[in-house]
Structure formats: structure tokens, C-alpha cells
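Okay, structure first, notes after.
The values are calculated or read from the model by the stated rules, or taken from the named source; none is laboratory data. Keep in mind that what you see is a predicted model, and the values were worked out from it rather than measured. FYI the Cβ positions are ideal-geometry reconstructions off the backbone, even for glycines, and counts take in every protein chain you see.
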Amino acid sequence: MSESMNYDVVVVGGGPAGLSAAIRLKQLDPNVSVCLLEKGSEIGAHILSGNVFEPRALDELLPDWRDRGAPLNVQAKNDHFFYLTQNHKFRLPTPPQMNNHGNYIISLGALCRWLAEQATNLGVEIYPGFPATHLVKNDAGQIIGVKTGDMGVDKDGSPTELYQPGIEIFAKQVILAEGCRGSLTELTIKDYNLRQPDSPQTYGIGFKEIWQVDPSKHKEGLIEHAIGWPMDHKTYGGAFIYHAENHQIYVGYVIGLDYQNPFLSPFDEFQRFKSHPKIRDLFDGAKRIAYGARALNEGGWQAVPKLTFPGGVLVGCAAGFLNVPKIKGSHTAMKSGMLAAEGVMEFLNSGHNTYNELLNQSWVADELKTVRNIRPGFKWGLLPGLINAAIETYVTRGKSPWTLSNHKDHESLSLATESKAIDYPKPDGKITFDRLSSVYLCNTSHEENQPVHLRLRNPEIAINHNYKLYDSPEQRYCPANVYEIVKTGSEPYLQINAANCIHCKTCDIKDPLQNIQWVTPEGGSGPNYGGM
Ligand SMILES: Cc1cc2nc3c(=O)[nH]c(=O)nc-3n(C[C@H](O)[C@H](O)[C@H](O)COP(=O)(O)OP(=O)(O)OC[C@H]3O[C@@H](n4cnc5c(N)ncnc54)[C@H](O)[C@@H]3O)c2cc1C
Ligand code: SF4
């Protein structure tokens, strides 16, 4: 690449949303020039998802996907939904949103790699290993492109012999498809006041492991979800177990980042879940082959910001289109990308971007509006949340005349002095593990001698506020052991092991005073997920 480049459209992020937008643009007009930037070392390297995939948007984007060999190999067969107590497992009726008839158990990373091939064949220029680090604006304050990160800068910010300056990529429209809690997306939402102050986005942290299990215990196509233990009734969370191809199992856990107890460790809760007496048998004699974590949106329709800004649009989980009761956002991400492409094309032709209108009239809006009150109802606890969900689903059917509000996740922690410490069992190294051996499976890499990409806006807050009031919750919510309180001298200090980071974005979300800012590190850094 040269030092500046010009395109009609630049897409930031090579997930399902960004790739679908790029493909649709080229389908609409093969002559439009489209560039897509991805911070991972390759497409799919930073993709982590369950994933039970609803093919509705893919059917619309590439109706002949079967003939083209899309990696959708396992049809969903049975859905099971459980409530767990410490020792027992009770089967509950499967809520309609969790009926997966017609869906597929897939690796979303593999689907993204396949989508990237389709995009490349249509003429989209894809650059993995190139994070967009800055928005480029003109004097009128309009976004006219993005800048990629400098390479070969040492941790003090000085150029090394490997220095390569970032590239300015100018475009008539910028599509921000960075996924949940995108760094440029957050700046854009703030700069252009895209979010109403009373409509905050809320989040969960999701873990996933892939296990190679005993074929006699594997039931290809089986989809299991569980609520209850080990979560207490005040904390939103649940597990998934998907029986994928090749005798692999995708097991994961999602915990709402509005949890209150600063001693809660989402990672250890996930490990504990696997040790349940009615679950652990699945993992006996099995081998864990992958681990990862990523934040996901939980705010629903009422947390979706304005989708257009001067110079571009927000798509996918950058905007927040995840359907929480379904735990699915890939299909809505794809559809929003496709609609954004149509809106952007209209802008290129007539100067008016129609994306907001198109999205509001689409099935994405219908789907998210119908379930909008389900997740917020769990702020009252598990049982009231379930009752509210049943009323919304079976009685008012999403047409309640009210809309429940969301809250800011970083304001939810109770003080350490008012909270109960949690004594997590030691990992057994067979079914349950520690963080470090888990992170090892992410193949995460960051050049050590680069500026720290986890910035403390005010370094003193780490000890004066977080440590003193909350016993430094970042030690526990980070799934990769990045944050450690070290007590060598008389005063404790916060050590940041940035090289371990797996780009989940939880610290950017949950830090009580929003003191941690996650920025993109050098291109190609971060996890290298194979089949997540
Ligand atoms: C644990 C878990 C389970 C889930 N289960 C399911 C499921 O079963 N079914 C389902 O449909 N959905 C599921 N989801 C949700 C689904 O993964 C997301 O909705 C979907 O991935 C969103 O797509 P996206 O393209 O918007 O963002 P992402 O998939 O997050 O992709 C964004 C891409 O942009 C890149 N990027 C970010 N910032 C930059 C930058 N500045 N420069 C360059 N590149 C950048 C990232 O590296 C990434 O590759 C799950 C999510 C989680 C976390
Ligand atoms: S440092 Fe932040 S973004 Fe990185 S893994 Fe830990 S919580 Fe996630």
C-alpha cells in the first residue's frame, strides 16, 4: 500500500457485517471501489462466536451459498433448555426464540473466511493486519476516511528500524463494522452525538471453548442452553453447549456485565459450570483444543444509536443488532451490512444515505423490537426476569406499550466492603483450567516493544479508586490475566500484561470510572483464533 489511497467506500472490520456490506456494494455496482481493513492477522483471526447460525441474511445475500461451498455443514437438530441447581438439572420448555429449526452449527470464523473469498472474487480489496486507528476528518468535521496504524513504533512512541507510517485511506463513505465496542465506533458515537443519553448500550462477556469429545457422547446437531447455577439469582448469565462437526463441542458461558459483586470472576464461573455433576461427564476423556472470550451487546433495540453520521454508517454489533434472547447477532449483522450498502450506494448516486430508513423498515427492526423488553427484565433477578420474558413472549408478543430501559454496566458494581468474596475451586487441569493455560490456546501475540494499547486515562485511579473501593475487579473480569495487582514495595500497583490481551473489550466497558481505554495495537496483533 502507498501512503494514501482513495476508494469510494472503506469498510473497517472483516466480520459478518463488514464482509456482507462489501459484497452487497459490489453486487449493486461492480465499478464501485471498496477496501476492507481487518486488524487480525487474517480474516477470522479475531472472530469468536457460539455459533448457531440463522441463514436468513445469507439466503438473501448469496442465495446459491450451498453450491458455492459455504461452511454450513451441521444442521440444528434438537434444542434442550435446562435449569441447573448445584447438583441437579431440570429440563424446561424451550422458549420459541431458542427454537433452532432450520439453523446451522458453524464456526463463524470459517464463514467469514469464506465470505472474504466471495468478496475478493467480486473485486473487494481486503487488507488483514491493518487496523484503522484514526478517523480522518475535513475542516467541516465530516469523516472523509481512516488512517491505519503506524508499524515499528517502540513503547515510548519512537520509531524503530522497522518503522512504517500508517496510511490514510480516503473514501466517500466509511462503514464502521468493528463489532461490539469498536474503538473508532465509540469515538464516532460520541463525536456526533449518535446515542441518546438515556439509551446506553449494555454488554455481556462471552467465553467459548472447543473440545474434542468421545464420539459416543457426541450428538451432532444437538443444541443445549442452561441457566441457573453457578450464577446467583441476581446475576444474568447462562451456558451453551453445541454439538458441532468432527465430534467437536462448542461450550461457552455468557455473563451480563451489569453484575454487581466485584469479586465475581466470569472466567472462573465458566470453569465452574463445566464441573457440574450433570455436565462434567461430557468432558471426561475429552481434550480442550481452543479457548477465547469476547464481549457482546445486550442492549437490544432501545440501545441502537443513530446509524448514519457525516461521512458514513455503523453496522452489525458496532451498532448493537444482537438479538439477546436468541443469543444471535450474525444474521442481523449481515443484514444490516447489506442494508448499509444499499443506503451508501444511494448516497453515492444521489447524495442521500437511506440506511436509517431501510433498517427501520427491515426484519432486523421487527425482530429486535419484538424482544426488546426481555433482557432488561432480568435487572429484577432471574425469576421476575423469566416471568417478564414469558409475558412478553406469550401474552403481549412484543407489543407491550412500554419499553424497559437499560443501565450503564460500569455503574453497577457494589463496594468490596459490602460484597461477599467468592472462593473459586482450584482448576483440576482436566475439565477446569487457569487463565494462563487458557490464553495460551488463543495464540495471542503482541510485539512487546510497542506502545501499550490499554491506556489508563488517569493512572492514579487504578489504585486510589479501583483497588481501594472494589479490590481491582479488572484482575477478575479480564479473561486473559492482563491486569495484576503487584505488591512488591509498600504500595500496590497495577501491572498491565498487554501482550496477553485477546481483544474482548471487557475492560473498556466495565471499568467503574471508564478509566481504561482500549485502542488498536500494531496490525496483526491479538488472538489467532483458528475455528471460533
Ligand atoms: C460467546 C458468543 C456467542 C455468540 N453466539 C452466537 C450465535 O450462536 N449465533 C449468532 O448468530 N451470533 C452469536 N454471537 C454474536 C455474533 O458473534 C456477533 O453478533 C457477530 O459476530 C457480529 O458481527 P460483526 O461483523 O458486527 O462484528 P465481529 O464479528 O465482532 O467482527 C468485527 C471485526 O472487525 C475487526 N475490527 C475491529 N476493530 C477494527 C479496527 N479498528 N480496524 C480493523 N479491524 C477492526 C475485528 O477484528 C473483527 O474481525 C455470539 C457472540 C459471542 C461473543
Ligand atoms: S485487557 Fe481488556 S480487552 Fe484485553 S483481554 Fe483483558 S479485558 Fe479483554
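The residues of segment 501-532 include none that are at pLDDT below 95 and within 8 Å of ligand 2 (Cβ to nearest atom). Just one residue in the set Ile23, Ile47, Ile43 is touching a helix residue (DSSP H, G or I) at 6+ places or on another chain (Cβ under 6 Å) and within 16 Å of ligand 2 (Cβ to nearest atom); that residue is Ile47. For Asp232, indicate whether it is surrounded by fewer than 21 Cβ atoms within 10 Å (Cβ to Cβ), within 16 Å of ligand 2 (Cβ to nearest atom) and of a type outside the set (Lys, Arg). No. Looking only at segment 206-241, which residues are of a type in the set (A, V, I, L, M, F, W, C) and in contact with a Ser or Thr (Cβ under 8 Å, 6 or more places away or on another chain)? The answer is Trp229, and nothing else. For Thr160, the test of being among the polar types (S, T, N, Q), within 11 Å of ligand 1 (Cβ to nearest atom) and either out of contact with any Ser or Thr (no Cβ under 8 Å at 6 or more places or on another chain) or closer than 21 Å to His453 by Cα (or both) is failed. For the criterion of being within 22 Å of the chain's Cα centre (by Cα) and part of a strand (DSSP E or B), Tyr259 fails.
In this structure, is Asn353 in contact with a strand residue (DSSP E or B) (Cβ under 6 Å, 6 or more places away or on another chain), part of a loop (DSSP other than H, G, I, E, B) and either closer than 30 Å to Ala57 by Cβ or of a type in the set (S, T, N, Q) (or both)?
Working: in contact with a strand residue (DSSP E or B) (Cβ under 6 Å, 6 or more places away or on another chain): yes; part of a loop (DSSP other than H, G, I, E, B): yes; either closer than 30 Å to Ala57 by Cβ or of a type in the set (S, T, N, Q) (or both): yes.
Taking the combined requirement at face value, the residue satisfies it.
This table checks each residue for (1) in contact with a Pro (Cβ under 7 Å, 6 or more places away or on another chain); (2) free of Cβ contacts under 8 Å to residues at least 60 places away in the same chain; (3) surrounded by fewer than 16 Cβ atoms within 10 Å (Cβ to Cβ); (4) under 28 Å from Arg280 (Cβ atoms).
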residue: Ile47; (1), (2), (3), (4): no, no, no, no
residue: Gly50; (1), (2), (3), (4): no, no, no, yes
residue: Leu61; (1), (2), (3), (4): no, no, no, no
residue: Arg68; (1), (2), (3), (4): no, yes, yes, no
residue: Lys77; (1), (2), (3), (4): no, no, yes, yes
residue: Asn99; (1), (2), (3), (4): no, yes, yes, yes
residue: Ile105; (1), (2), (3), (4): no, no, no, yes
residue: Gly109; (1), (2), (3), (4): no, no, no, yes
residue: Val124; (1), (2), (3), (4): no, no, no, no
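Just so you know, in segment 289-326 the residues that are under 20 Å from Val10 (Cβ atoms) and of a type in the set (A, V, I, L, M, F, W, C) include one that is surrounded by the fewest Cβ atoms within 10 Å (Cβ to Cβ), and it is Phe309.
Need a quick list: strands (runs of 3 or more DSSP E) entirely within segment 155-240 having at least 1 residues that are touching a helix residue (DSSP H, G or I) at 6+ places or on another chain (Cβ under 6 Å), of a type in the set (Gly, Ala, Ser) and under 27 Å from Asn73 (Cα atoms).
Fully inside segment 155-240 and qualifying: nothing.
In the set Glu448, Glu474, only one residue is surrounded by 16 or more Cβ atoms within 10 Å (Cβ to Cβ), more than 16 Å from ligand 1 (Cβ to nearest atom) and touching a residue at least 40 places away in the same chain (Cβ under 8 Å); that residue is Glu474.
Would you pick out the residues in segment 98-129 that are over 20 Å from the mean Cα position of the chain (by Cα) and at pLDDT below 95?
Of all residues in segment 98-129, those over 20 Å from the mean Cα position of the chain (by Cα) come to 99-103, 117-127.
Correct list: Asn99 only.
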